Structure formats: structure tokens, C-alpha cells
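Just below is one structure, and these are the notes that go with it.
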Amino acid sequence: MLTKNQSCVIDDHRIHFKRGWLNKEDKLIPLDRVQDVNVKQGLLSRILGVYHLDIQTAGAGGAGAEATLIAVKDFEATRRIIISKRDALVHGGVGGGGVDTTIRNVPSSTNQMQIDITALKDSVLRIEQILKSEIGKRGTA
């Protein structure tokens with residue numbers, strides 16, 4: 001829930017942020033540029049029981065947040081929705097609220113996969129031969 005003079009609509013590709021009645025602000029923030037959503041609560045906000053969400057984006061030039069949602073009542077759900085929609089867009093849904101840290105090293109072709117498997121098999125056979133040789137040496141000693 002936001003204050004009356006600000007709104008935030010999140011779809012599958014962007015955040016549409018509007019605020020102000022004197023100094024109006026209307027922004028479309030692409031979800032694939034969202035880096036993080038930071039929760040802030042100063043002294044007065046703590047007394048009032050409200051939270052602010054800073055939406056940090058790539059390419060913002062280090063000038064602070066791209067947008068700040070003021071007095072967000074359900075800040076955890078709002079943050080979770082933004083991050084999960086960002087992950088779904090950027091990481092194909094992997095991560096569920098964080099950055100995808102899975103390492104993927106998939107060969108580009110079936111032929112390359114066969115070469116890699118054969119090299120792995122040859123390495124295992126060499127290790128087995130070395131182990132048999134060492135066990136044989138110790139067994140006769």
C-alpha cells in the first residue's frame with residue numbers, strides 16, 4: 001500500500017512508478033535493470049511504522065535510487081514481488097528472490113559432450129590403473 005499521491009504498478013517487464021501532486025514524477029523502470037530493492041526506515045518512519053523501498057538499478061550512475069517508494073506498509077511482499085519478477089525475467093525464474101548463482105557448463109553440442117565424457121572415462125581408467133599398481137606394490141612388500 002502506498003500513499004495517495006504515489007502509485008506503483010509492477011508487470012512482467014517493468015515497474016511503472018508515479019508520484020507527486022506538485023512536482024510530478026512518472027517513471028517506467030525495466031525490471032531487467034533492477035539490481036536491488038533496499039528497505040529503509042528512519043527514526044520518524046520507525047515511530048509511524050512505515051518503510052521506504054529504494055529501487056536500485058544498473059546504469060543509475062551511482063546517484064542513489066532510481067525510485068523510492070515512500071510509506072510502503074507491506075514492504076516485504078512488495079520487495080519480494082519486484083525481486084521475483086526480476087528473477088523470472090532475467091534468470092528464467094531461477095533464484096526465487098535472489099541472484100542465480102548456479103554454475104552452468106553445458107557443452108554446446110552432442111559431439112562435444114561425447115568427447116568430454118570419453119576424456120573423463122579415460123582419466124578414471126588411468127586413476128584405477130595407478131591405484132591397482134600402488135595396491136599391488138604394497139601387497140608384496
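The values are calculated or read from the model by the stated rules, or taken from the named source; none is laboratory data. Predicted model, so just to flag it, every value in this text is computed and none were measured.
Some observations on this one:
- Test: Ala88 is modelled with pLDDT under 80 and of a type outside the set (S, T, N, Q): no
- Residue in the range 59-71 that is outside any loop (DSSP other than H, G, I, E, B), at positive phi and not charged (D, E, K, R) present: yes
- Within the range 13-41, if we keep just the residues that are modelled with pLDDT of 85 or more and assigned to a loop (DSSP other than H, G, I, E, B), the residue that is farthest from the chain's Cα centre (by Cα) turns out to be Lys24.
- The one condition in (1) modelled with pLDDT under 70; (2) part of a helix (DSSP H, G or I) that Asn105 fails to fulfil: (2)
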